[in-house]
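Chemist: Provided herewith is a single structure, encoded as structure tokens, for subsequent inquiry.
The values are calculated or read from the model by the stated rules, or taken from the named source; none is laboratory data. Computed from a prediction, not measured in an experiment: that's the story for all the values here. Quick reminder, even Gly has a Cβ in these numbers, built from the backbone with ideal geometry, and neighbours come from all protein chains shown. All accessible areas refer to the heavy atoms of the entire protein, side chains included, with ligands and DNA or RNA removed. Shrake-Rupley method; radii C 1.70, N 1.55, O 1.52, S 1.80 Å.
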Amino acid sequence: MKKEKTKKDIEEQLRQAIIDSDLSRYRISQLTGVADSALCYFVNGQRTLTLTSAARVAEVLGLELKPARKEK
């Protein structure tokens, strides 16, 4: 269950970063090579992005994908 929550948290954070960005989805698409339609479906919660696509989007938005600290 925790993995599912983490997955959703990451997706939601990336989704919100796209929405909050000063860049349009089309511009993000141009800069990343990720199809605008894929970004549209992702932002609307209809599909997920591959890890490669998510990493490209994160890089363009100045985000860093990294593992969370393990709880002890």
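Chemist: Which of the residues that make up the range 27-72 are open to solvent by 90 Å² or more (accessible area, probe 1.4 Å), in a loop (DSSP other than H, G, I, E, B) and closer than 16 Å to Gln13 by Cα?
Modeler: Result: Asn44, Gln46, Arg47, Glu64, Lys66, Pro67.
Chemist: Mind listing just one residue for me: the one in the range 7-26 that is open to solvent by 60 Å² or more (accessible area, probe 1.4 Å) and among the β-branched types (Val, Ile, Thr) and, of those, modelled with the highest pLDDT?
Modeler: Ranking the candidates gives Ile19 first.
Chemist: Ok, one more. Pairs, please: C-beta under 8 Å, at least 6 apart or cross-chain, first residue of a type in the set (Gly, Ala, Ser) and in the range 23-48, second in a helix (DSSP H, G or I) and open to solvent by 50 Å² or more (accessible area, probe 1.4 Å)?
Modeler: Partner pairs satisfying both residue conditions: Ser29/Asp36; Gly33/Arg56.
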